[in-house]
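Encoded as structure tokens, the structure appears first; notes follow it.
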Amino acid sequence: MSEKLDNLKVLIVEDDKDYIELTTIYLQKWGYDYVVSTNGKSAIECLKNDKDIGLMLLDWMLPDTTGVEICEYVRNNILDRYVYIVMVTGKKEKKDVIEALKKGADDYISKPYDYEELNVRIHSGFRILKLERRLKESYQKLYEMATHDALTGILNRGAIEKKLKREVERGKRIGHEVGVILIDIDNFKRINDEYGHQIGDIVLQDVAEVLETNCRRYDYVGRYGGEEFLIVLPGLNSYSTSKVAERIRKEVENRSFHAVNIDLKVTISLGVCSTKEAQDIKDLIKKADEALYKAKREGKNRTVVYQGE
């Protein structure tokens with residue numbers, strides 16, 4: 001009947017040695033991994049340090065606290081995952097059960113308990129955790145679909161604009177500039193016309209990969225249009241941003257883009273601006289676009305930094 005999830009453990013919080021011994025024997029028999037804690041303080045430490053703990057068998061009375069207090073702590077502080085709590089108690093009055101459930105317990109079992117009943121309780125808990133994991137995975141997939149470009153896997157236009165807005169507001173608070181690079185693949189229409197859209201898609205994917213690998217982990221890369229990309233670089237002025245842009249431009253220029261049986265040479269044009277030269281986000285993008293247009297007009301395959309009026 002085991003509903004065990006890979007890597008998830010049961011935390012036994014109990015100070016009675018006989019119950020610990022019997023419970024661990026049965027958990028081993030049923031195939032569950034487990035951890036034992038004999039007081040509330042160590043139980044909390046286990047939950048903080050061992051992310052694989054998914055279910056807790058929690059005794060009501062402990063040497064340093066009560067199970068109800070631990071329930072309340074877990075629900076208010078252990079926020080990185082859901083821990084299913086089965087309260088183990090000798091208390092049988094309805095008001096006690098209600099108190100435990102109000103404080104965050106998911107289920108309860110009374111001492112002395114039948115071990116087959118305990119197995120059913122654990123089975124139910126892991127079934128709930130399995131459902132919760134599926135819901136989180138579904139939410140993550142929906143989030144990825146809503147914020148990322150389906151072809152390249154980088155942020156889509158809406159998401160990169162939100163990141164830019166957040167970083168510009170943050171930069172104002174802490175006194176840091178934010179640099180942006182607007183990028184366009186040169187002669188991309190010709191690539192599509194000569195080789196087909198499938199090859200064009202591969203070029204887009206490969207260029208996106210170059211952009212990501214040349215940025216810091218806290219920079220943001222997004223697809224801004226058909227063959228346009230936007231990079232947001234928190235904390236960089238125009239000069240530093242132009243250095244990143246040139247590094248990217250040279251790597252694209254020197255790279256052979258292999259698609260099916262075709263080796264292509266691709267170049268990009270880049271426009272650079274920072275918040276120091278812009279009044280707001282709209283103005284920042286406009287000026288980066290002006291710099292990009294100048295790069296195109298001057299012969300493509302170059303980086304141009306916005307110089308002002």
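Per-structure values
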item	result
Where Y220 falls short, out of the listed (1) crowded, with 16+ Cβ neighbours inside 10 Å; (2) at pLDDT 95 or above; (3) over 22 Å from T303 (Cβ atoms)	(3)
Residue match in region 90-98 (condition: assigned to a helix (DSSP H, G or I), modelled with pLDDT under 90 and among the hydrophobic types (A, V, I, L, M, F, W, C))	yes
Every pair of residues 6+ apart whose Cβ atoms lie under 6 Å, when the first sits in region 291-309 and is over 17 Å from V266 (Cα atoms) while the second is aromatic (F, W, Y) and surrounded by 12 or more Cβ atoms within 10 Å (Cβ to Cβ)	A291/Y306
Hey, L182 within 30 Å of R249 (Cα to Cα), over 18 Å from the mean Cα position of the chain (by Cα), surrounded by 12 or more Cβ atoms within 10 Å (Cβ to Cβ) and assigned by TED's automatic domain parsing to the domain that holds C215 or not	yes
Number of positions in region 89-108 that are over 20 Å from Y19 (Cβ atoms) and more than 34 Å from the chain's Cα centre (by Cα)	5
Members of region 75-89 that are modelled with pLDDT of 85 or more and not in a loop (DSSP other than H, G, I, E, B)	R75, N76, N77, Y84, I85, V86, M87, V88
All positions within region 218-262 that are assigned to a helix (DSSP H, G or I), in contact (Cβ under 8 Å) with a residue 24 or more places away in the chain and of a type outside the set (G, A, S)	Y239, T241, V244, E246, R247, I248, R249, E251, V252, E253
Count - residues of region 194-219 that are of a type in the set (D, E) and closer than 15 Å to A259 by Cα	4
Residue ranges of helices (runs of 4 or more DSSP H) in region 100-208 with at least 2 members of a type in the set (F, W, Y) and farther than 30 Å from V88 by Cα	115-147, 188-195
Of residues in region 80-101 being over 25 Å from D52 (Cα atoms) and of a type in the set (V, I, T), the one surrounded by the fewest Cβ atoms within 10 Å (Cβ to Cβ)	I98
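Conditions tested, residue by residue: (1) exposed (fewer than 11 other Cβ atoms within 10 Å of the Cβ); (2) touching a residue at least 24 places away in the same chain (Cβ under 8 Å); (3) out of contact with any strand residue (DSSP E or B) (no Cβ under 8 Å at 6 or more places or on another chain).
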| residue | (1), (2), (3) |
| --- | --- |
| K103 | no, yes, yes |
| D107 | no, no, no |
| E116 | yes, no, yes |
| V120 | no, yes, yes |
| F126 | no, yes, no |
| K130 | no, yes, yes |
| R133 | no, yes, yes |
| Y139 | yes, no, yes |
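The values are calculated or read from the model by the stated rules, or taken from the named source; none is laboratory data. It should be emphasised that the depicted structure is a prediction, and the values quoted were computed from it without experimental measurement. Every residue, glycine as well, gets a Cβ built from its backbone with ideal geometry; the counts of neighbours run over all protein chains shown.
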